[in-house]
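One structure below.
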Amino acid sequence: MKKICVLIGALLLNGNVWAIDGVSAEIGSGDKTNMARIGAQWDWQKKWFTEGNWLVTGYWEASAGRWNGQNSAGSNHNITDIGFTPVFRLQQKNLSGLAPYLEAGIGVHLISDIHINADRRFSTAFQFGDHLGAGLRFGDRKQFDLGYRFQHLSNGSIKHPNPGINFSQIRLAYHF
């Protein structure tokens, strides 16, 4: 699986070939589980509420990641996570210095296994993923993006049990 993630990462870094507007990496933890994820972003060309110093825009995000869960006996279990999420972003138009933002997204995820540890069993491989985030864009072209996300994944009660899982994440992105 590590080789697949490296291959996907190498392909995503060549943004011009795939018309990708940005790439990201995030790490996080929660509920006795650590996670790492890479992603690609495609900016929406649409902007709303542009009269003031802030505007609303968004992007599509495709991601691939790995969760590592630890049970009470100390053994590990890994899950691969593939996701696709539309993200709305309220961002400052600041053209120089730091540009803060808030964002929210709701998307879909497919996980490779329904057991992350002995304490947590999902009933479906299909999961909804929603997040709230805040961060700063910076750099001479605002090409860097450092943010925090709180993410919740669950199957939306389409089948029980539906324990869900929460992650606190740090995300670094680069915009082409």
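Some observations on this one:
- All positions within the range 55-105 that are over 23 Å from the mean Cα position of the chain (by Cα) and either crowded, with 16+ Cβ neighbours inside 10 Å or under 17 Å from Asn166 (Cα atoms) (or both): Asn71
- Scanning the range 136-145 for residues that are at negative phi and free of Cβ contacts under 8 Å to residues at least 40 places away in the same chain yields Leu136, Asp140, Arg141, Gln143, Phe144.
- Pairs linking a residue in the range 100-117 that is touching a residue at least 12 places away in the same chain (Cβ under 8 Å) and within 22 Å of Asn71 (Cβ to Cβ) to a residue that is part of a strand (DSSP E or B) and charged (D, E, K, R), with Cβ atoms under 9 Å and 6 or more positions apart or on different chains, are His109/Asp81; Ile111/Asp81; Ser112/Asp81; His115/Arg121.
- Gly107, sole failed condition from (1) over 17 Å from His175 (Cα atoms); (2) at pLDDT below 95: (2)
- Look at (1) farther than 27 Å from Asn155 by Cα; (2) more than 17 Å from the chain's Cα centre (by Cα); (3) aliphatic (A, V, I, L, M) and you find that Ile116 fails only one, number (1).
- Scanning the range 130-168 for residues that are among the acidic types (Asp, Glu) and either surrounded by 13 or more Cβ atoms within 10 Å (Cβ to Cβ) or under 18 Å from Asp113 (Cβ atoms) (or both) gives Asp130, Asp145.
- Some residue of the range 10-19 being at pLDDT 95 or above and either assigned to a loop (DSSP other than H, G, I, E, B) or buried (at least 19 other Cβ atoms within 10 Å of the Cβ) (or both): no
The values are calculated or read from the model by the stated rules, or taken from the named source; none is laboratory data. The shown structure was predicted, so the numbers you read here are calculated from the model rather than taken from an experiment. Here Cβ is always computed from backbone atoms with ideal geometry, including for glycine, and neighbour counts include all displayed protein chains.
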